[in-house]
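Worksheet: one structure, shown below.
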Amino acid sequence: MSEQKLNIILMGPPGAGKGTQSELIVSKFGIKHLSTGDMFREAISKQTPLGLEAKSYISKGLLVPDSVTINLVKDSLANDECANGYLLDGFPRTIVQADALDELTKKIQRPIFKVINIQADEKILIERIVSRRICPNCGASYNLKSKKPLVDGECDLCHSKLVQRADDTEASFKTRLDAYHQQTQPLIDYYQKKGLLVNVDGLQEIDKVFNDICKGLGR
Ligand code: ADP
Ligand code: ADP
Ligand code: ZN
């Protein structure tokens, strides 16, 4: 039998390192990166109807409604680009989304291989969030303290000017963390019961976290 496709879910609280590890994973394994946060931010910057709707939730630190988010992922996941494997970064975030994903992956025969849960202490999360800078063009994540770009204020990959996310404030972070505890954390149990969960210590250096993820994937 051929090796199972790397169809991966990356979970973790805001600031745990999902975006950072996603970049490393997709570049090593050549699978498709699907970040619902990036997709929403792109729609917001283009001022599409989806963007306008999403913005009203994201700016308050709330989750975008399930129906909207599920539709967004549905089309992408069935796409040819995901045929060799996919990495879901920031989806699912609710049980309803996880059930919808379960149904979809069965239907399109692209079953989930592993769910990587990046664990991180809450005290460190707020520090990471307020010093995070992102590339609005390619989505790359930087940090003023722990992951500086090569040139100040500029993306290493595409040289765009780095920005701070509008929702990376202390106030919004508190709401996002509440949403995480109430709506997303139950998924840890959900995937544990399915035997798919791999916990990784996200407080280590970026390379060490990545190393543990690769070990967890058995690759
Ligand atoms: P973070 O990096 O803080 O984990 P993301 O970039 O993944 O955040 O997402 C940014 C925001 O987009 C979230 O706070 C939420 O409002 C919205 N969002 C992203 N993914 C989802 C999802 N699966 N369900 C609902 N809302 C989402
Ligand atoms: P998420 O997508 O889970 O919200 P990010 O990958 O954007 O998280 O990381 C949040 C911030 O923390 C970014 O500024 C990033 O550069 C930084 N960061 C990510 N992983 C680590 C790590 N292991 N150690 C220190 N800083 C990190
Ligand atoms: Zn860039």
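The values are calculated or read from the model by the stated rules, or taken from the named source; none is laboratory data. A quick note: this is a predicted structure, and the numbers were derived from the prediction, not measured. Because the Cβ atoms are built from the backbone with ideal geometry, glycine has one as well, and the counts that use them run over all protein chains shown. Surface areas here come from the heavy atoms of the whole protein model, side chains and all, with no ligands, DNA or RNA. Shrake-Rupley method; radii C 1.70, N 1.55, O 1.52, S 1.80 Å.
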Inset, instruction - Pairs to check: 18/114; 28/174; 5/123; 5/208; 5/145. Give those whose C-alpha atoms are more than 26 Å from each other in this structure. - result: 28/174; 5/123; 5/145
Inset, instruction - Hey, could you get me the Stokes-Einstein D for region 149-191, Kirkwood radius over alpha-carbon pairs, 10 °C and 1.306 mPa s, rounded to whole µm² s⁻¹? - result: 122 µm²/s
Legend entry - Calculated FRET efficiency for the pair residue 59/residue 181, C-beta based, R₀ 22 Å, to 0.05: 0.60
Legend entry - Kirkwood Rh in Å, taken over region 60-148 so that all alpha-carbon pairs contribute: 15.5 Å
Inset, instruction - In Å³ and rounded to a whole number, note down the convex hull volume per residue for the Cα atoms of region 102-219. - result: 151 Å³
Legend entry - Hits among lysines - C-alpha to C-alpha of residue 74 under 16 Å, sequence gap 8 or more where chains match: 32, 106, 107
Legend entry - Helix-derived mean residue ellipticity, 222 nm - over the chain, DSSP H n ≥ 4, -39500 (n - 2.57), to 500: -13500 deg cm²/dmol
Inset, instruction - Taking 7 Å along the Cα-to-C-beta vector as the label spot, tell me the residue 159-residue 95 distance in nanometres, rounded to one decimal. - result: 5.1 nm
Legend entry - Probe 1.4 Å, protein heavy atoms only - accessible area per residue of region 1-83 in square angstrom: 50 Å²
Legend entry - DSSP-defined beta bridges in the chain - what % are antiparallel, rounded to 5: 25 percent
Legend entry - Overall dimensions of the chain by Cα: Rg and Dmax, Å: 16.5, 51
Inset, instruction - Express in whole angstrom the spacing between the alpha-carbon centres of region 104-177 and region 187-218. - result: 17 Å
Inset, instruction - Determine the dipole magnitude for region 136-219: charges of +1 sit on the beta-carbon of Lys and Arg, -1 on that of Asp and Glu, nothing else is charged, the reference point is the Cα centre, and the result goes in debye to the nearest 20. - result: 260 debye
Legend entry - Among 191, 112, 149 - extreme Cα towards positive end, dipole of region 91-210, charges at beta-carbon: 112
Legend entry - P(r), alpha carbons of region 1-125 - 5 Å bins starting at zero, rounded %: 2, 10, 20, 23, 21, 15, 7, 2, 1, 0
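If I compute solvent accessible area with a 1.4 Å probe over the protein chains, what percent of it on the chain is carbon and sulfur? Provide the component values of the computation, followed by the final result.
Values: 5810 of 11550 Å².
Answer for the chain is 50 percent, counting heavy atoms of protein chains only.
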